[in-house]
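Below is one structure, written out as structure tokens; the observations come after it.
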Amino acid sequence: MRTQRFITGLALLTGVYTTPLAAQQPLNFTVKAGEVKTPVSPNMWGIFFEDINLSADGGIYAELVKNRSFEFSSPLMGWSVPKDAVSKGQILVVNRKEDHPSNPRFARITMPVTRSFEIVNEGFRGMGIKAGEQYNFSVYARQQQGSAVKMTVTLLDDAGKAIGSATVTPEGGNWQQYKASFTANATVPKGKLKVAFEGSGVIDVDMISLFPQHTWKERSNGLRADLVQLLADMHPGFVRFPGGCIVEGRELTNRYQWKKTVGDVNDREVIMNRWNNEFAHRATPDYFQSFGLGFFEYFQLAEDIGASPLPILNCGMACQFNSAEIVAVNELDPYIQDALDLIEFANGDVSTKWGALRAKMGHPAPFNLKMMGVGNEQWGPQYVERYTLFAKAIKNKYPEIKLVNSLGPNPDGDKFTFLNDTLRKLHADILDEHYYSSPEWFLSNAARYDSYDRKGPKIFAGEYAAHSKKGGNGNDNKNSWLCALAEAAFMTGLERNTDVVVMASYAPLLAHVDGWQWTPDLIWFDNLRSYGTPNYYVQKLYGNHKGSAVVPILKGNEAISGQDSVYASTVVDNASGELIIKLVNAAATPKPVTIAVQGVKGLAANGRLITLGSDDLLGLNSLDQPTHISPQEKSIAIRGKTIRTEVAPWSFYVIRAKINK
Ligand code: AHR
């Protein structure tokens, strides 16, 4: 079995199977540590966040109640009335769209005589509950005249046993928020929330919510701390949000509109998530966007983890794979205004309309927005026409903002070439290239940017992932070590060319094991646990060992980019005074390497060697074995100015050596 896996993986990488050989002659490399090629782009190694695979609702957004405001297309989706409660009362969903267009529906519970009526929320594939943790319940409610109904909320374990409870007693005929907290006494991965109404009369309820007290930075309306921690640990240079195709929508009505995602959470209009019905075989009928995680929270997340915000806005075009709907050019102004207003929301003084909203939401200081994407994976002259109008208006008012442009969904072909040629002529700032390709593609494209025009627009490798099956579209594509290794090799080429490639992000970022639509994904989670894939550890190693300036590593006079199946790049880190060497061995045989370091007085006798690898190219991490393939660290002895190591088969090494001044 193991041999078979070896052969399959190796064949995927090299097309041939070779028996591991005895030790070979060392490869002789030279690092010119005194010759700075370029500073490392400060935004290098970022993250791409999209609400796909239950990433937001049901994922990083810590709300446990699904369809809390009864706004799903089927208003009671996620809610049920237990059999023995059916005869004790009635639930109706009232729609007051004219009065309250952003949150039209609420539930009306009627109990003609004193009884206990119950509704139960199933959560997002259940509710992950932890023993000893505090949970915060809240609800908006009003009593109809003469009614006296109290509400008891109870967390139930998988068997229906109570594991925590609290009571609120709403009073009066005006909507008011009521809150109660309680501690759970058991850990369950798939709990439920029972809401019991006791008394008689009529009570209206809306925004029935349950959050863990423990969220990232203990914020109310907060994010799952374990997931944010995994992101923070990557030390990302930027956070791109909110996607992806979700920016475009299947149709324009379904597009992402940032203004509807800020302000009071109760007034954020719920819409269907565009991934809800994208893939028939991975249908997710309960996938909606509550926008509890909205643009304010995205900016805050980026700030929290020390990353630059990179919002991507709809440019008047819906997804061209789906509906190809575009807004008429003479009706583009509101879309452009959204972009201008977003800059004001992020950076504007608190005396401005949108700056004031940011301050009201708790962040008077600017978010320091420096760049913005216009459109996601758009293509064709219709994109250029719309982008040009956006660019004119934005540059006119905010010349300092850099714009990110689409180059379409592929890294080559007619769509790519048309946009690449056109946008270069238009002196675009940053071009967004996407590649979801085979591991072989990544290995053979590590030199892609070596010959890119140094004077033209910068490149954002905005979405990439090695796919061992064709297409990510709902296929069960695994986050294997093979894919991660190929990405590590390719990334040496990104790092080497960071004067051109100023940002890069793996995509997509997050996936719920019970609710995904797209694979592979960087981080997987269930309701209680989460883990980084081997691909995650590759990204993390680059983010944590980013350095400050690229220096050449050569074999003879050539950059090392796949010769003898070895890939390499080198940076120096001015803050720590270290040389950082990244080496990838994509072969089945060990590679002895001798690296002569020039341009330094000397190197400390002991360096750090961080290795990531597996002898199983199809090896995976999992919820049960979250760090099966993860970095290991040891020290490495250095003699004089020469570093010697043997890079194990199918391995990624990071060597850090202190430079003696
Ligand atoms: O990352 C998943 C999807 O891939 C993104 O939404 C889209 O931009 C790309 O096609």
*Kindly express, to the nearest 10 degrees and within the range 0 to 90, the angle between helix 2-14's C-alpha long axis and the longest C-alpha principal axis of the chain.*
70
*Mind pulling the angle between the C-alpha long axis of helix 534-544 and the longest principal axis of the chain? Nearest 10 degrees, somewhere in 0 to 90.*
70
*Express the accessible area of the chain per residue in Å², computed with a 1.4 Å probe while the remaining protein chains stay in the model.*
38
*Enumerate lysine pairs in the stretch 79-212 that are 8 or more residues apart or on different chains, then count those whose Cα atoms are under 22 Å apart.*
23
*Can you give the convex hull volume per residue for the Cα atoms of the stretch 186-296, as a whole number of Å³?*
193
_Keeping all protein chains in place and using 1.4 angstrom, which order do Thr417, Thr422 fall into by accessible surface area, from largest down?_
Thr417, Thr422
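Check each of the chymotrypsin sites (Phe, Trp or Tyr not before Pro) in the stretch 85-156 and keep only those in coil by DSSP with at most 11 other C-beta atoms within 10 angstrom; list them in order.
Working: sites: Phe106, Phe117, Phe124, Tyr135, Phe137, Tyr140; in loops: Phe124.
Listed in order of number, the matching sites amount to none.
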*How large, in percent, is the carbon and sulfur part of the accessible surface of the chain at a probe radius of 1.4 Å?*
51
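Sort Ser468, Ser147 from largest to smallest accessible area, using a 1.4 Å probe on the heavy atoms of the protein chains. The partial results should precede the final answer.
Numbers: Ser468 55, Ser147 25 Å².
Solvent-accessible surface, decreasing: Ser468, Ser147.
How big, on average over all directions, is the shadow cast by the Cα convex hull of the stretch 110-185, in nm²? Write out the running numbers ahead of the final one.
Values: hull surface 22.9 nm².
Mean shadow area of the hull around the Cα atoms is 5.7 nm².
Rank-order 87-94, 210-217 by packing density, defined as the average count of other C-beta atoms within 10 Å over each peptide's residues, highest first.
210-217, 87-94
Which of the GluC sites (Glu not before Pro) found in the stretch 205-266 are in a DSSP loop and have at most 11 neighbouring Cβ atoms, other than their own, within 10 Å? It would help to have the intermediate numbers written out before the result.
On the way: sites: Glu218, Glu248, Glu251; in loops: Glu251.
In loop regions of the stretch 205-266 (DSSP not H, G, I, E or B), there are no sparsely surrounded GluC sites (Glu not before Pro).
For the stretch 226-357, what is the convex hull volume of its Cα atoms per residue in Å³?
On the way: hull volume 17.7 nm³, N = 132.
It is 134 Å³ per residue.
Students often check this: by mean Cβ neighbours within 10 Å, which of 397-409, 366-378, 320-332 ranks highest, and how do the rest follow? Could the numbers behind the result be given before it?
Numbers: 397-409: 19.3, 366-378: 21.8, 320-332: 14.2.
Listed from highest to lowest mean packing, they are 366-378, 397-409, 320-332.
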*Please determine, in degrees from 0 to 90 and to the nearest 10, the orientation of helix 381-397 with respect to the longest principal axis defined by the Cα atoms of the chain, where the helix direction is its Cα long axis.*
80
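Rg to Rh for the chain: what is it, with Cα atoms only and Rh by Kirkwood? Can you show the working numbers first?
On the way: Rg = 26.9 Å, Rh = 26.6 Å.
Here Rg/Rh amounts to 1.01.
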*Express the Stokes-Einstein translational diffusion coefficient of the stretch 79-212 in µm² s⁻¹, to the nearest whole number, given a Kirkwood radius over alpha-carbon pairs, 25 °C and a viscosity of 0.890 mPa s.*
161
_Please enumerate, by chain and number, the aspartates and glutamates with C-alpha under 17 Å from the C-alpha of Lys360, excluding those fewer than 8 residues away in the same chain._
Asp264, Asp267, Glu297, Asp341, Glu344, Asp349
*Note down the relative contact order for the chain as a percent, whole number, built from C-alpha pairs under 8 angstrom at least six residues apart.*
17
*So which trypsin sites (Lys or Arg not before Pro) in the stretch 544-619 end up in coil per DSSP with only 11 or fewer other C-beta atoms within 10 Å?*
Lys601
*Can you pull a Stokes-Einstein diffusion coefficient for the stretch 371-499 at 37 °C (0.692 mPa s), Rh from Kirkwood over Cα pairs, as a whole number of µm²/s?*
209
*Which value, in Å² and to the nearest 10, is the accessible area of Lys469 when all protein chains are kept and the probe is 1.4 Å?*
100
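The values are calculated or read from the model by the stated rules, or taken from the named source; none is laboratory data. Just so you know, these numbers come straight off a predicted model, no measurement behind them. Positions of Cβ are generated from backbone atoms using ideal geometry, with glycine treated the same way; all protein chains shown enter the neighbour counts. Remember, those area values only see protein heavy atoms, side chains included, never the ligands or the DNA or RNA. Shrake-Rupley method; radii C 1.70, N 1.55, O 1.52, S 1.80 Å.
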